[in-house]
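Input: a single structure, listed below in structure tokens.
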Amino acid sequence: MTFPWYSARPVSRLPRSLRPAVLVAASALTFAFARPAHADVSSWASAATGPTYLDDGRSKRWIPSLELETGIGLPPSSFLVVGGLFHAETHFGLGTDLGLLSRFATRGFVLGDWGAAVDLGGYERFWGRGSAGGLGKLVLGAPWGLELGVGGGYGTNDARHFSVTLGIDFLRLTVFRTVGESYFPNPYPAYRKPE
């Protein structure tokens, strides 16, 4: 079957030897006229561990788990910061749950100070009997990126889990930290509170 509008011939009439030069020239013009970006977004990258109560519909047990999360949000210029997270929770010896969450955090939490965040979203479990459902978590933040998380999920196939984790957010400890600068300066923070 042939299509009259389809042609295998190249669309560009420019000789092949000149195509890289045109691409480099177009890129150079783009960078020459580009303005500096002022996107003071919030970012998170954390690792936490702790016990998880896991009920997969057949057995109930306590097992150790590891949570890894990363995401971005709106600038921390207002009291409430909204963003999104990618969530991976590994239940040792069993498998990993993957999730997408919305984060609602206080400015203090984002800037590495005292604060809190609420994470809500969904997860998918590809191991065992499999499951998909809702996930929610309350995260209490302390200075220097420390975090205490309490949360759980409920999904298909009668799957439920509850976890308490202790961890650290590496971006709240480094580039977003605005506390403790008399002991450990942060000369180029990603966001500085207006004076």
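Quick look at the values:
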quantity: Value of relative contact order over the range 43-173, rounded to a whole percent, pairs C-alpha under 8 Å and six or more apart; calculated: 25
quantity: Neighbour-limited loop hits for trypsin sites (Lys or Arg not before Pro), the range 76-162 (at most 14 other Cβ within 10 Å; DSSP other than H, G, I, E, B); calculated: Arg129
quantity: Neighbour cut-off at most 11 other Cβ (10 Å), DSSP loop, chymotrypsin sites (Phe, Trp or Tyr not before Pro), the range 108-155; calculated: Phe126
quantity: Virtual spin-label span in nm between Val175 and Leu94, 7 Å along Cα→Cβ; calculated: 3.4
quantity: Amide hydrogen neighbours beyond the local backbone of Phe176, cut-off 5 Å, H modeled; calculated: Ala190
quantity: In Hz, Karplus ³J(HN,Hα) per residue of the range 157-166 (6.51, -1.76, 1.60; θ = phi - 60°; x = Gly, Pro); calculated: 6, 6, 7, 9, 8, 9, 9, 10, 10, 10
quantity: Phi to ³J(HN,Hα) by Karplus 6.51 cos²θ - 1.76 cosθ + 1.60 over the range 126-131, Hz, x for Gly, Pro; calculated: 9, 10, x, 7, x, 6
quantity: For the range 92-105, Karplus couplings with θ = phi - 60° (6.51, -1.76, 1.60), whole Hz, Gly/Pro x; calculated: 4, x, 10, x, 10, 9, 10, x, 10, 10, 9, 10, 10, 10
quantity: Built amide H within the under 5 Å cut-off of Thr52, gap 5+; calculated: Ile63, Ser65
quantity: Kirkwood Rh (inverse of mean 1/r, distinct Cα pairs), the range 43-173, angstrom; calculated: 14.6
quantity: Net +/- balance of residues flanking Ser46 in space, Cβ distance below 14 Å, scoring K and R +1, D and E -1; calculated: -2
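We did not get these values from a lab; they are worked out from the coordinates using the rules stated. Everything numeric here is computed off the predicted structure, so don't read it as measured data. Quick reminder, even Gly has a Cβ in these numbers, built from the backbone with ideal geometry, and neighbours come from all protein chains shown.
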